[in-house]
Amino acid sequence: MDAVRGQGMYPLHRCKTIHLVRHAQGFHNVAGEKDHSAYMSPELFDAALTPLGWQQVDNLRKHVHSTGLSKKIELVVVSPLLRTMQTAVGVFGGAGFDDGINAAPLMTENTGKSNRPAISTLNAPPFVAMELCREHLCDVGYCNSCQFRKIPIFALDLIMAGVHWCDKRRSITEYKPLFPAIDFSLASKRSLPSAHPQIETDEDTLWTLDVREADEDLAERGQKFLNWLWTREESEIAVVTHSGFLIHTLSAFGYDCQPPVKEEICKPFNNCELRSMVFVDRSMAATGSSKTNFPGKIPDGMDAPSEEAVEKN
């Protein structure tokens, strides 16, 4: 037993490989490093990537292609803000249209005043925008201006957002022409318990000016996001999101590991850093069966283990 101490083994179909990515440098990062109060400025509303941020995107794109990772990822889940979507399509999207490629665009030319060419869907995985992996939001329990204030707190799937203008998103109607191939169906609507109808949220009703989501609430939302990931059939998924979301979501993990391993899991992300994790289902939440297991004994025949044969004789 000493040989396996500190090790673990789980069925493959109860594991997912999650490639976590923090967005590349945005204009809000530059302004916030100089003066933290700049985050409160409306000028940083839904901040885009800086030219340096796009260089970071290009470098990570080269990495995922040189390592073969680009061919393994089955789905890209992205926070529906400009900087995260620019990062996601820049890293995991298809080629440009320079060679006469006939494919739908993931991002149109000059999106976010980036001076970048359009990015195609050629050989790219599906992209899904998801509100649950946004940055800090506002606390619905204290937000009097929120349209959901009449809904019991326990009934909400998603806690609200606010305070930093860079974390306020545009309407889905504005995003769709910029990112035509991203699936926004999970960002423009969400399901409440059966007592409540589906709520359309084309505008950003999750952001308020005066209340910011508590860290523990963000961590809880992160767990809800991971629970949602288990409903997906894909086993290798890239998630492009934000530093606060990553820090507080991952803080719940690693307590069963040695301190250096927990530190590796939970340390803050740099801009455009990619960190690959194996996500294990210990709760039996995953209902799917293995795609690679084979039952054996085909054709049928005697195959008693040798230990059993020895015992019988």
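Annotations
- Checked against (1) surrounded by 14 or more Cβ atoms within 10 Å (Cβ to Cβ); (2) at pLDDT below 95; (3) in a loop (DSSP other than H, G, I, E, B), G100 meets all criteria but (1).
- Among the candidates L44, L60, L81, L69, residue that is farther than 27 Å from R221 by Cα, in contact with a Cys (Cβ under 9 Å, 6 or more places away or on another chain) and of a type outside the set (K, R): L60
- Cβ-Cβ distances below 8 Å connect the following pairs, each with a first residue in the stretch 209-236 that is closer than 21 Å to S37 by Cβ and in contact (Cβ under 8 Å) with a residue 40 or more places away in the chain, a second residue that is surrounded by 15 or more Cβ atoms within 10 Å (Cβ to Cβ) and of a type in the set (D, E, K, R), and a separation of six or more residues or different chains: V211/D139; R212/D139; E213/D139; E213/R221; A214/D139.
- Test: V278 is open to solvent by less than 30 Å² (accessible area, probe 1.4 Å) and part of a strand (DSSP E or B): no
- Against the list (1) open to solvent by 30 Å² or more (accessible area, probe 1.4 Å); (2) at pLDDT below 75; (3) in a loop (DSSP other than H, G, I, E, B), the condition R170 fails is (2).
- Residues (more than 13 Å from the chain's Cα centre (by Cα), of a type outside the set (A, V, I, L, M, F, W, C) and at pLDDT 95 or above) located in the stretch 80-97: R83, Q86, G90, G93
- Considering the stretch 44-54, and only residues there that are hydrophobic (A, V, I, L, M, F, W, C) and assigned to a loop (DSSP other than H, G, I, E, B), the residue that is most open to solvent (accessible area, probe 1.4 Å) turns out to be F45.
- Screening the candidates V57, V64 for the property of being within 20 Å of the chain's Cα centre (by Cα), buried (at least 19 other Cβ atoms within 10 Å of the Cβ) and over 21 Å from F179 (Cα atoms) yields one hit, V64.
Residue by residue, here is whether (1) surrounded by 18 or more Cβ atoms within 10 Å (Cβ to Cβ); (2) at pLDDT 90 or above; (3) of a type in the set (D, E) holds:
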| position | (1), (2), (3) |
| --- | --- |
| T108 | no, yes, no |
| G112 | yes, yes, no |
| A118 | yes, yes, no |
| T121 | yes, yes, no |
| H136 | yes, no, no |
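- The numbered conditions (1) open to solvent by 70 Å² or more (accessible area, probe 1.4 Å); (2) closer than 19 Å to T17 by Cβ; (3) assigned to a helix (DSSP H, G or I) are all true for E263 except (2).
- Taken over the stretch 21-43, the residue count meeting the criterion of being closer than 30 Å to H63 by Cα, open to solvent by 20 Å² or more (accessible area, probe 1.4 Å) and in contact with a helix residue (DSSP H, G or I) (Cβ under 6 Å, 6 or more places away or on another chain) is 3.
- A single member of R221, R232, R212 is basic (K, R), surrounded by 15 or more Cβ atoms within 10 Å (Cβ to Cβ) and in contact with a strand residue (DSSP E or B) (Cβ under 8 Å, 6 or more places away or on another chain), and it is R212.
The values are calculated or read from the model by the stated rules, or taken from the named source; none is laboratory data. Keep in mind that what you see is a predicted model, and the values were worked out from it rather than measured. Using ideal geometry, Cβ is built from the backbone for each residue, glycine included, and neighbour counts are taken over all protein chains shown. Calculation scope for accessible area: heavy atoms of the full protein, side chains included, ligands and nucleic acids excluded. Shrake-Rupley method; radii C 1.70, N 1.55, O 1.52, S 1.80 Å.
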